Amino acid sequence: MNNRNIQVNDYGRLINIFNPQNFDAKKWVAIAKGAGMKYITFITRHHDGFSNWDTKQSDWKITKTPYEKDALKQLAAECNKEGIQLFCYYSLLDWYRSDYQYETGKTGKGTGRTTKSNWDSYIRFMKAQLTELLTGYGEISGIWFDGHWDQLDNDVDKTLQSKVNWHYDEIYTLIHSLQPQCLISNNHHLTPIPGEDFQAFEKDLPGSNTTGFGGASISQLPLETCETMNDSWGFNITDRNYKSSKMLIQYLVKAAGHNANFLLNVGPMPDGTIQPEFVDTLKLMGKWMEQNSATIYGTRGNVIPPKTWGVLTKKGKSVYMHILYTPEQNAFIFIAELKQPIAKAFLFNGKKEVKFKQLSEGTFIYLDGVVLDDVDTIVQLELK
C-alpha cells in the first residue's frame with residue numbers, strides 16, 4: 001500500500017477478495033511447535049490498518065471478507081490447547097484511517113487521505129482495540145508494537161519524551177491493568193521506554209547495525225531479535241532468496257549467545273497456508289532443536305562475549321561452546337574470560353572427551369581429534 005502508493009479507496013476493494021480459506025490454526029501451531037518454538041507473535045493489525053480479528057471498532061476486518069471467520073480466535077484456542085504462548089503484533093501507524101496523524105508521518109503519503117486527522121480519536125480507537133484483544137481471547141502473553149518510527153520527526157526529543165505523542169503511559173498502563181503478566185515491547189529502535197518489558201531488535205543481533213536502523217544500546221530487559229526466512233515479511237511470490245536451515249540455526253544460536261530470543265517470521269500465502277519452502281526449513285530446525293535444545297532453552301548468553309568462531313551459552317554449571325566457524329587456530333580455542341575451574345569437557349551428545357588446559361591467563365580448549373560439524377560443533381564444559 002505504501003510502496004506502490006495505493007489509495008485507500010482502491011486498496012479497500014481487496015476486502016471483497018481476501019479469503020484465506022485454507023487457514024488451519026492447528027497446522028500453524030503444529031509447525032511452530034515442531035520447529036521448537038515456544039510462542040507465536042500473530043499480526044493482529046499491520047500498517048494497512050486491517051484487523052485480523054472481529055473488532056467492533058471498524059468494518060475494515062477479516063470477518064467482513066468472504067472468509068468471515070475470526071483468525072485470532074481460532075489461533076488463540078489452539079495455542080492454549082498446545083501450550084504455546086500467544087503474543088499480538090499491533091501496528092501503531094495506519095495508512096488507512098484518516099484520523100491517524102498522517103500529515104506528520106513518514107510513510108503512507110500516497111494513499112489519498114485529505115480529511116484532517118484527529119489524533120485523540122485515533123488514540124481512543126487503539127485503546128479500544130487493545131482492550132478487545134486483552135479481554136476477548138484468553139491469556140495474551142505479550143503485545144508487540146511496531147510503527148513508532150513513522151512519527152520520529154514529530155517527537156519532542158526522539159527518546160523518552162516521544163511517549164507524549166503516542167500516549168504510551170496510558171496505553172501501557174491499560175495493557176498491564178487488563179493482563180498484568182502481558183509483556184510489552186515496541187519496535188521503535190530506541191532505548192526502551194518506561195513500561196516496556198522486553199527489548200526488540202529487528203534483523204540484527206543486539207548491538208549490531210547492519211540494517212541502518214539498529215545499533216540501539218542494549219538494556220537490562222529481556223531481549224528478542226526478529227528475522228525473515230527470505231527477504232520479505234509478508235508473502236512475496238517472487239522472493240526466492242530463502243535462508244538455509246544452516247543459516248537460520250546459526251542465527252538462532254548466535255541470538256542465544258547474545259542473550260536474546262529468536263523470533264523467526266513466516267509470511268503466509270494468500271490462501272492461509274504456510275508455503276512449503278518455509279515448512280521444510282522449519283522441520284529441519286526442529287530436528288536440530290530436538291537434539292540440541294538443552295544448549296538453548298533456559299540458557300543465558302553474554303556470560304562470555306561472542307567470539308569470531310561462535311558463541312557461548314550457560315545454564316547452571318554447564319557452559320556450551322557453539323563453534324559455528326573454523327577457529328583461527330585450528331588446533332585449539334583460547335578463552336581469556338573463562339577462568340572458573342572446569343571439571344570436564346566433552347562433545348555435547350557425543351560425549352567424546354575434549355582436552356583442555358587452564359592457566360592464569362585463561363582456558364585452552366584443544367580440538368585435536370574433533371571433527372567439526374558443518375552447522376554447529378557444541379563442546380560442553382562442566383564447571384566445578
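Numbers below:
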quantity	calculated
Filter pass, E337 being in a helix (DSSP H, G or I) and in contact (Cβ under 8 Å) with a residue 12 or more places away in the chain	no
Out of K26, K109, sole residue that is touching an Asp or Glu at 6+ places or on another chain (Cβ under 6 Å), surrounded by fewer than 17 Cβ atoms within 10 Å (Cβ to Cβ) and on the phi < 0 side of the Ramachandran plot	K26
Unique residue being touching a helix residue (DSSP H, G or I) at 6+ places or on another chain (Cβ under 6 Å) and modelled with pLDDT of 95 or more when the list is T65, T114	T65
Residues satisfying the stated conditions in the range 330-384, i.e. surrounded by fewer than 16 Cβ atoms within 10 Å (Cβ to Cβ) and either on the phi > 0 side of the Ramachandran plot or polar (S, T, N, Q) (or both)	N330, Q340, N349, K351, Q358, S360, G362, G369
Flag for Y325 being part of a loop (DSSP other than H, G, I, E, B), closer than 20 Å to E224 by Cβ and of a type in the set (F, W, Y)	no
Count - residues of the range 116-155 that are in contact (Cβ under 8 Å) with a residue 40 or more places away in the chain, in a loop (DSSP other than H, G, I, E, B) and under 18 Å from E103 (Cα atoms)	1
Residue tally, condition part of a strand (DSSP E or B) and not basic (K, R), over the range 346-382	17
Filtered residue count, the range 22-65, keeping only those that are in a strand (DSSP E or B) and more than 26 Å from L92 (Cβ to Cβ)	0
Residues of the range 254-283 classified as farther than 23 Å from L86 by Cα and either touching an Asp or Glu at 6+ places or on another chain (Cβ under 9 Å) or in contact (Cβ under 8 Å) with a residue 60 or more places away in the chain (or both), total	2
So G215, is it assigned by TED's automatic domain parsing to the domain that holds H189 and surrounded by fewer than 19 Cβ atoms within 10 Å (Cβ to Cβ)	yes
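The values are calculated or read from the model by the stated rules, or taken from the named source; none is laboratory data. Remember, predicted model here, so these are calculated numbers, not experimental data. Note that each Cβ is placed from the backbone with ideal geometry, even for glycine, and that neighbours are counted across all protein chains shown.
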